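For reference, the structure discussed in these notes is given below.
The values are calculated or read from the model by the stated rules, or taken from the named source; none is laboratory data. A quick note: this is a predicted structure, and the numbers were derived from the prediction, not measured. Positions of Cβ are generated from backbone atoms using ideal geometry, with glycine treated the same way; all protein chains shown enter the neighbour counts.
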Amino acid sequence: MAKGKIQVNTENIFPIIKKFLYSDHEIFLRELIANATDATKKLHALSSMGEFKGDIGDDFIEILLDKDAKTITVKDRGLGMTGEEVKKYINQIAFSGAEEFVDKFKDQEESAGIIGKFGLGFYSSYMVAERVEIITKSFKDETAVIWECDGSPEYSLKDHKKEERGTEIVLHIAEDSVEFLEEARITTLLTKYCKFMPVTIKFGQKSDWIDNAEGKKDKDGNVEKEEVKVDNIVNNPKPAWTKSPSELKDEDYKGFYKELYPSNFEDPLFHIHLNVDYPFNLTGILYFPKISANMEVQKDKIQLFSRQVFITDSVEGIVPDFLTLLHGVIDSPDIPLNVSRSYLQSDGAVKKIASHISKKVSDKLEELFKKDRADFESKWDDIKIFIEYGILSDEKFAERAKKFTLYKTTDGKYYTIDELTEKIKPSQTDKDDKLVFLYTNDLEAQHTFISAATNKGYEVLVMDTHLSSHFVGKLEQTIENSTFARVDADTIDKLINKDEEIPSKLTDEEKELLKPAIEEVVEKTKFTVQFESMNETDSPMTIVQPELMRRMKEMQATGGGGMAMFGGAMPDTYNLVVNVNHPIVGKMLAEKDAAKQKDLIKQTSDLALLSQSMLKGQELTNFINRSLDLI
């Protein structure tokens with residue numbers, strides 16, 4: 001049996017780096033600034049441990065752009081490198097200086113802020129640069145050096161006159177990457193990836209207005225301002241989520257929300273501050289925003305960080321699905337600094353974090369519910385879409401959510417499911433001992449049906465979100481011996497069937513005689529005519545939409561239900577329920593003049609359509625004109 005070592009051909013390593021190291025070339029700037037941040041944090045750690053005795057001074061990272069020279073420079077005042085360290089950390093690809101540093105000082109708290117791990121970040125430079133220079137001077141009393149490489153395995157390393165401690169990475173930008181020589185492009189990258197890095201980052205200058213030195217005043221007596229140029233600081237090194245909750249007030253949380261989303265003018269409903277150090281490290285702030293009509297627009301608002309370094313804002317599969325509707329920040333050093341979403345989604349630590357966040361959210365909601373139920377109820381209509389989504393997509397969350405999920409009735413009252421069940425059980429249990437929950441998704445359009453139900457003392461729930469069809473199905477599975485029915489799915493006595501028969505004034509033969517006359521007037525393809533024995537005071541005709549077919553159609557519209565068997569969109573189907581005990585229906589049967597009979601049926605069916613808000617435009621005009629003629 002032969003054994004040996006796999007040989008890597010260095011001639012091919014740089015093309016691989018350029019094409020495959022990261023999914024997006026723009027990531028190079030994040031990687032270089034992360035390295036510069038590490039160099040600065042390491043120096044602070046060494047100083048705290050007594051390994052560095054000198055003066056740290058102002059520590060910052062500076063980005064210099066020279067469009068004429070076609071260079072981008074990333075400059076820091078960190079611990080720098082000696083010539084030997086350059087050979088060790090730069091010439092050996094994937095040897096991580098950060099990892100070695102953390103391992104060396106793993107028992108020291110100060111090493112906890114080091115970002116780098118894999119030792120590949122520097123080489124992301126070659127995704128955009130044809131040549132790279134490293135000019136560096138160590139904090140140790142050694143001569144500065146300059147390292148240079150054009151992307152081939154050959155490099156040069158020699159002494160340099162640099163006197164200031166720290167490192168400068170100079171990228172000579174390739175022709176296929178000149179877009180990165182535009183100031184606006186760099187500003188965009190810095191805002192996206194480096195907005196909250198833990199070391200101050202400077203990029204150029206900006207205008208500021210200060211009181212003029214001479215104290216000159218304008219005509220109103222105010223001191224005149226003069227324009228000055230100041231350093232343009234592009235980041236906030238100490239964002240709210242890195243602080244203890246005890247240090248922050250509600251105004252601080254709202255201010256940070258504005259910092260994250262400057263174009264969002266509405267305050268969030270409330271926030272959840274994540275601060276966990278065992279069994280993994282996790283910090284962050286999640287906000288419950290007000291949801292717009294199109295909830296898809298609200299996605300991709302959670303920003304994922306690792307030690308304040310931006311990773312992605314596409315967190316589906318990384319956090320539970322329903323939490324993608326939240327806004328805010330999640331930061332964990334246990335999340336690998338890797339832009340591959342598939343890698344993140346399969347990582348064990350990420351899965352544990354996702355589960356913990358779900359629990360933390362449910363714990364916070366339960367706390368708010370118990371602490372001030374009235375305030376919680378006032379916010380319910382804005383947050384219920386989150387809760388429904390969570391119940392539908394996360395079984396553990398669904399179980400915890402039972403304690404604080406509310407159900408609103410048409411009279412504006414809120415109940416937990418246990419409270420609601422106790423309230424309606426005596427009146428809304430049908431002849432088969434099944435509990436019937438009535439609901440509406442449109443208070444205005446279904447007003448007639450709601451009134452019919454509430455007049456009998458029944459409670460009607462308001463379930464009007466995009467997810468309601470799926471949600472009622474979920475509830476039917478979890479609430480034993482129950483069913484949910486929309487108030488317009490049938491006549492009220494059929495929805496909650498008490499087995500109280502009302503005698504019919506029409507014989508079966510008379511019904512069969514009248515049915516063709518009604519079908520001739522209404523659209524047979526859209527309406528199914530059915531006769532029912534109801535009270536004389538009930539409507540002569542009522543249009544209902546069967547619960548099962550309507551719910552399947554709604555589920556199809558929201559992407560569920562497996563409707564492929566129907567060969568496309570399902571049609572709307574309605575039942576025209578004729579009250580055989582109403583005097584007008586008796587009059588229809590007795591009318592011998594076919595034209596008058598037809599007009600009476602038309603008038604009555606149009607009234608049913610009108611009450612269902614299905615009569616519009618010219619049909620509505622014709623109905624009004626006929627009504628006036630009859631008067």
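Applying the criterion of being of a type in the set (Asp, Glu) and touching a Phe, Trp or Tyr at 6+ places or on another chain (Cβ under 8 Å) to the residues of the stretch 449-494, the residue that is farthest from Phe386 (Cα to Cα) is Asp488. Among the conditions (1) β-branched (Val, Ile, Thr); (2) exposed (fewer than 14 other Cβ atoms within 10 Å of the Cβ); (3) modelled with pLDDT under 85, Thr507 misses just one, which is (3). Highlighted here are the strands (runs of 3 or more DSSP E) found entirely within the stretch 453-546 that include at least 2 residues which are outside the structural domain of Ser605 (by TED's automatic domain parsing): 460-462, 482-486. When only residues in the stretch 151-184 that are assigned to a loop (DSSP other than H, G, I, E, B), of a type in the set (D, E, K, R) and over 38 Å from the mean Cα position of the chain (by Cα) count, which is nearest to Glu130 (Cα to Cα)? Among them, the one singled out is Glu154.
For Leu420, the test of being more than 22 Å from the chain's Cα centre (by Cα) and part of a loop (DSSP other than H, G, I, E, B) is failed. Residues that are without any contact (Cβ under 8 Å) to a residue 12 or more places away in the chain and in contact with an Asp or Glu (Cβ under 9 Å, 6 or more places away or on another chain) were ranked within the stretch 184-213; the one that is nearest to Ser306 (Cα to Cα) is Thr188. Any residue that is in a helix (DSSP H, G or I) and under 24 Å from Thr483 (Cβ atoms) - is there at least one of those in the stretch 404-411? No, the stretch 404-411 has no match at all. For the condition of a type outside the set (Gly, Ala, Ser), within 17 Å of Glu512 (Cβ to Cβ) and buried (at least 16 other Cβ atoms within 10 Å of the Cβ), Gln597 qualifies. Being in contact with a Gly (Cβ under 9 Å, 6 or more places away or on another chain), closer than 30 Å to Lys596 by Cβ and of a type outside the set (Gly, Ala, Ser) is true of Leu506.
Being modelled with pLDDT under 90 and closer than 29 Å to Ile61 by Cβ is a description that applies to Ser306. Among helices (runs of 4 or more DSSP H) entirely within the stretch 577-631, having at least 1 residues that are farther than 30 Å from Glu501 by Cβ and at pLDDT below 90 singles out 594-611, 617-630.
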